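**Student:** Before I ask anything, let me first share the structure, which is written out below as structure tokens.
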Amino acid sequence: MFACIYSPNPTESALAEFAYAFSPVVEESSRDTVILDVTGCEFLFGSAYELAIEIRTRAQKPGIDGGLEAKVNVALAANPDAALHAARNFEGVTFISPGEELTGLGDLPVTALQYSFVRVDDKQAEEIFETLRLWGIRSFRDFAALPVAGVAERLDQAGVRLQQLASGKTERHLKLKQPAREFKASLELEHAVGELEPLSFIFARLLNQLCATLNAYALATNELLVQMTLADQTTHERKLALPYAMRDHKVFLKLLLLDTEMHPPAAAVSAVSINCEPVKPRVSQNGLFIPLAPEPEKLELTLARIAKLVGETHVGSPVLVDTHRPDTFLLKHFTVKTKYDFSKRRPRSANQQSVTGNRQCLGFRMFRPALRAMVQAPRGIPTQISAWDKHRSIHGKIINVAGPWRTTGDWWRDDRWARDEWDVAIEAGADSSSRLQRSTAMYRLYRELASGTWFVDGSYD
């Protein structure tokens, strides 16, 4: 049995809160109409008719007593849509017995049908109502009396659904009002905690609750926000950005403990709150002939342990900086782009394709740090080079040279730079009397203008 409550002038969300006092299963159809599933409520309120009288009487009471201070229409029926039509069109209390829907609703005009409940849009409904008017169909009873086959042929499936709605024969479940999803877990401690080991048990408990909520909604997260209220009434916040969407509480716990060790709170912790931003979980398909890659969770833990040893600024993905200073970049946290917009990719013209196909691109292998060198440069042009360190040695005659290219910048800073760069081809191997074939290698040299010192910046592959 279903009960529908209609209030012409309800206050904001007051009608739904009023309905929850009679049943836990409530559908908020509109701002002024709610539908309740009152099956089993007779044990508390008596018969269905007595329940309807109780709803109408309590609605007239003041708000302090749980009322609405307004008169409402109440209808009871075995069908939720039949109860809705009765409550919106008849004043007071209306009771429709099972199977007698047309007896109570048969005289209502066809235009009173709430067509949105059977997935019919405004345009379709307007066309169907105009067709029924031309046929002389005015009421629910007239519409229900038409043959179903004829309605399907002339009005399509939308007309059949409207006919079932007029007959009170629709079958559907109530669309329950779901509370807002909140992915948050918090805990206040009786005594402040100042050590990492007891704090880890608190983290584990909150992360278990958080991951259970994510699993319930088939979601994951790529960001954790941890807020710790300290004993001195200050707040210690940390944000963990994850490269992949995860929901493994064990991985979250290890990452959070490593981050807490690197950034410990300034005082003992009296309360902990963990929030997360839900996203769709990561879906991956492995190929039969593709070697398995490391699991993202293990890779993230490895990076976190390395960051603890060498520092967070020395681990990450390189990003170019908006400057002309050579070999300048920053490291940011590694993230993976799950989607790529191919529509933004510009197609190359035929000329560009031909030029790219004929051009040979060389890879550049940079030496860090740059290799200090001794260079013979009569008249300023390098002709002979000799450089070495623990890992490599470079020496030989320079047989081809291009340059120099002068770069300078940041003249107002103490670490300003100014240097001349050269691309050279070096003939390495045996001396000139040897008949063995010599090898040729290409390097980039530069000379600091301030000191006149030569360096080997890297090699071309």
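No value in this document is a laboratory result; all are computed from the given coordinates. Only a predicted model underlies this, so the values are computations on that prediction, with no experimental measurement involved. Backbone-built Cβ (ideal geometry, glycine too); neighbour counts: all protein chains shown.
**Student:** Okay, helix-only estimate at 222 nm for the chain: each DSSP H run of n ≥ 4 adds -39500 (n - 2.57), divide by all residues, round to 500 deg cm²/dmol; what do you get?
**Tutor:** Numbers: 12 runs with 136 residues, N = 461.
Taken over the chain, the calculation gives -9000 deg cm²/dmol.
**Student:** Something else about it: Which whole-Hz ³J(HN,Hα) couplings does the stretch 103-117 yield from phi under the Karplus relation 6.51 cos²θ - 1.76 cosθ + 1.60, θ = phi - 60°, glycine and proline marked x?
**Tutor:** For the stretch 103-117, the Karplus-derived couplings read 5, x, 10, x, 8, 5, x, 4, 5, 7, 5, 8, 5, 5, 6 Hz, x marking Gly and Pro.
**Student:** Another question, if that's okay. Given labels modelled 7 Å from the Cα in the Cβ direction, how far is it in nm from Glu190 to Glu427?
**Tutor:** About 8.8 nm separates the two model spin labels.
**Student:** Which FRET efficiency value, to the nearest 0.05, do you get for His395 and Glu277 by plugging their Cβ-Cβ distance into 1/(1 + (r/R0)^6) with R0 = 60 Å?
**Tutor:** Calculated value: 0.60.
**Student:** Relative to a virtual label point 7 Å from the Cα of Asp122 in the Cα→beta-carbon direction, which members of the stretch 1-43 show backbone nitrogen distances below 20 Å?
**Tutor:** 29-33
**Student:** Pairs of alpha-carbon atoms within less than 8 angstrom and 6+ residues apart define the contacts here; what relative contact order does the stretch 364-460 have, in percent? List each step's numbers first, then the result.
**Tutor:** Numbers: 205 pairs, mean separation 27.0, N = 97.
Relative contact order comes out at 28 percent.
**Student:** Can you give the relative contact order of the stretch 2-167 as a percent, counting alpha carbon pairs under 8 Å and 6+ residues apart?
**Tutor:** Once normalised by length, the contact order is 18 percent.
**Student:** In addition: Per 0.36 nm of contour for each residue apart, how much would the distance between Lys169 and Ile53 grow if the chain were fully extended, relative to their Cα-Cα spacing?
**Tutor:** 39.2 nm
**Student:** Efficiency by 1/(1 + (r/R0)^6): what FRET value for Asp156 and Lys71, r their Cβ-Cβ distance, R0 = 56 Å, to the nearest 0.05?
**Tutor:** The pair Asp156/Lys71 has a calculated efficiency of 0.90.
**Student:** On each of the three principal axes of the Cα atoms of the stretch 364-460, give max minus min coordinate, whole Å, ordered largest first.
**Tutor:** Cα extents, longest axis first: 54, 31, 21 Å.
**Student:** Arranged from highest to lowest average of other beta-carbon atoms within 10 Å per residue, in what order do the peptides 258-268, 403-413 appear?
**Tutor:** 258-268, 403-413
**Student:** OK, next. Rg and Dmax of the stretch 2-167, Cα atoms, in Å?
**Tutor:** Considering the stretch 2-167 through its Cα atoms, Rg and Dmax are 17.1, 56 Å.
**Student:** Also: Taking H as built 1.01 Å from N, whose amide H comes closer than 5 Å to the amide H of Val25, not counting residues under 5 places away?
**Tutor:** So Val25 has HN proximity to Asp37.
**Student:** Report ³J(HN,Hα) in whole Hz for each residue of the stretch 148-158, in order, from the Karplus equation J = 6.51 cos²θ - 1.76 cosθ + 1.60 where θ = phi - 60°; Gly and Pro get x.
**Tutor:** So the J values, rounded to whole Hz, are 5, 4, x, 5, 5, 5, 9, 10, 6, 5, 5.
**Student:** Here's a follow-up. Based on the mean of other Cβ atoms within 10 Å per residue, sort peptides 64-70, 111-117 so the most packed one is first.
**Tutor:** 111-117, 64-70
**Student:** Follow-up question, since we're still on this one. Quick check on packing: order 318-324, 169-175, 238-244 by the mean number of other C-beta atoms within 10 Å, highest mean leading.
**Tutor:** Averaged packing, sorted descending, gives the order 238-244, 169-175, 318-324.
**Student:** Which of the trypsin sites (Lys or Arg not before Pro) across the stretch 92-133 are loop residues per DSSP, with 11 or fewer other Cβ within 10 Å?
**Tutor:** Passing sites in the stretch 92-133 are Arg119.
**Student:** Under 5 Å between amide hydrogens, which residues at least 5 positions from Phe95 or on another chain qualify, with H placed 1.01 Å from N in the peptide plane?
**Tutor:** Those lying under 5 Å, H to H, from Phe95 are Leu76.
**Student:** Next up: Please tell me the relative contact order of the chain in percent, rounded to the nearest whole number, where contacts are Cα pairs under 8 Å and at least six residues apart.
**Tutor:** Computed over the chain, the figure is 8 percent.
**Student:** Further question on the same structure: Residue by residue through the stretch 216-233, what is 3J(HN,Hα) from phi via Karplus (6.51 cos²θ - 1.76 cosθ + 1.60, θ = phi - 60°)? Round to whole Hz and write x for glycine and proline.
**Tutor:** 5, 9, 6, 10, 9, 9, 10, 7, 10, 10, 10, 10, 10, 8, 8, 5, 8, 6
**Student:** While we're on this one: Pairs Lys308/Lys332; Lys123/Lys175; Lys280/Lys332; Lys239/Lys308: which exceed 18 Å Cα-Cα?
**Tutor:** Lys123/Lys175; Lys280/Lys332
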